[in-house]
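So the structure is just underneath, and the comments pick up after that.
The values are calculated or read from the model by the stated rules, or taken from the named source; none is laboratory data. Not measured: the values here are computed from a predicted model. Quick reminder, even Gly has a Cβ in these numbers, built from the backbone with ideal geometry, and neighbours come from all protein chains shown.
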């Protein structure tokens, strides 16, 4: 308990310092939210394993360390330093963030269709206040989640993507959040706001990576507003450094007949918690959540998804797969709520796990709350090992044991790769995954 | 090239092979026939190195080396091929990728240059004709959703691609209709060479109408009870396994 207090005190001091640094740039409306969020953070405190939502994930390692707000290091890095994390080369818009702060020199924002805005969150607070303010003010999720509260209290920069109605952005938008080594363990709090208006289409890739080895804490919040009949393809590639802590919350609100597809690939980090909350808030909306988590060593990866069927005739498909080696552990918690009015809901949830070691473990929990009576909801979870028959078949054809294991493990993940519709991104993910798997085995 | 001496093997604690003796030389085709449970498939799996099959006694020498201490992949790289009785489905791995990986693994081991995707495609298409295999099967996952006949053709196709020195075909003929059987037999015949040996493990004499073996061995209760030329298969067809066994019992009685 004393540790907890000490840690909260560290954040209190940091928040006071943060307020002082904002001097002059203090945006009154925004600062009221920050203060309210910090207060809420203080009230909630860090969760323990007694909290229902954190039953299998112990955040004590995060709580123990007095993280300092990260400082950005502009000008020290060149494009070639970050090239290994680039997803779609020269063809797409790429915004680069160092420790949560936008780096203009490393970013490429090409010619964009009329009305489209792809700018830093900090810039949007001034330039697009009319769009940003109501959404930020209306976002009250910090009241229920302590990590979102922490992010909101310190929020200063990140990305703002605005696609006006009737606009199709063909090239994907890559948001690359990099953490660099800092003198002291640092926390960065990227905040991303994505607004896709009616009848529009966009593909967003969010990447999180560590440029250097070392301990840091990335605590991001991404909010997506998908308008009526819009199409949003969302990729999240988590490649943090081995010692890093990564907590990410994605909140999606979907309008009528909109389609949201999420592809979440989690490879790095020592302690990872990823929340995806989707609100199907218009009739006929559809969401698809695909996830792949790969862990080794003593990594712990926790995926919490929540899909709220608030309106009728919506569908959700969810497929999460885990590959766990050594003494790694993972959590999958899939919550599906079907509200009373959400008739004709069609929801399907699947979680499959491949355990490559006797010491690896998975806790998988479906949570279905169905209040409507005319719905179709299915869920299933599997936990298994590599198939001996398949392994022998490959070896009997001359393929070496380790290569055969890699091939079968890769095959386990392949249906998630096949779901990636943008070819260059698929190739990149493919490469990253193959590289990771061949090192695992 | 292959010398099996007094081979005893068990699986799950059950003794299946009770002293097998067999010598195979380059260019020869041997048929091993026997009723269900006689140990035919066990023999094939022991030779290919399947885990879980325990050899309690005896030796197997292949090209001068002790075969039984080799890893399954090394056996394949040294030229042994097992055609599976029940080919395994592997979702998510394309047939093409699988075979290219296998071939290159074998080539690399033998000091040959690896084949690139284009060269492999040309090479594989040539081999596909041998077994009249549909090209579309190449891009599908290994054996996934293949019919019984397609799976067996795929085994012979793999053999054609990997060009083994010793092929062991475990009941490749079982469950095939006459058309598929003829295609498989045609493929096997086309792959007969002076420097390649084959062991056909089969339950039925039917395959031997199309692939004529040099030697036929009858396996009963884990022992080769009778060996002979191709006519032995016909005798077997007439008398059945029990007939052969009765003959042997009678002979033993006379001898003693």
Complete set of residues in segment B:48-60 that are away from chain A (no Cβ under 14 Å) and without any contact (Cβ under 8 Å) to a residue 40 or more places away in the chain: none
So residue B:79, is it on the phi > 0 side of the Ramachandran plot, within 13 Å of chain A (Cβ to nearest Cβ) and either modelled with pLDDT of 95 or more or touching a helix residue (DSSP H, G or I) at 6+ places or on another chain (Cβ under 8 Å) (or both): yes
Can you find even one residue in segment B:61-72 that is at the interface with chain A (Cβ under 8 Å from one of its Cβ atoms) and at pLDDT 95 or above? yes
Of (1) touching a residue at least 24 places away in the same chain (Cβ under 8 Å); (2) more than 14 Å from chain A (Cβ to nearest Cβ), residue B:14 satisfies all except one. Which? (1)
A careful count of residues in segment A:246-273 that are surrounded by fewer than 23 Cβ atoms within 10 Å (Cβ to Cβ) and closer than 15 Å to residue A:57 by Cβ gives 3
Within segment B:125-139, restricting attention to residues that are surrounded by fewer than 17 Cβ atoms within 10 Å (Cβ to Cβ) and in contact (Cβ under 8 Å) with a residue 24 or more places away in the chain, which residue is nearest to residue A:394 (Cα to Cα)? B:139
By residue number, the members of segment B:82-92 that are over 10 Å from residue B:143 (Cβ atoms), facing another protein chain (nearest Cβ under 9 Å) and either at pLDDT below 95 or out of contact with any strand residue (DSSP E or B) (no Cβ under 9 Å at 6 or more places or on another chain) (or both) are B:92
Filter the strands (runs of 3 or more DSSP E) completely within segment B:161-255 down to those with at least 2 residues that are surrounded by fewer than 22 Cβ atoms within 10 Å (Cβ to Cβ). B:215-220, B:223-228
Condition test on residue B:42, is it in contact with a strand residue (DSSP E or B) (Cβ under 9 Å, 6 or more places away or on another chain), within 18 Å of residue B:5 (Cβ to Cβ) and part of a strand (DSSP E or B)? no
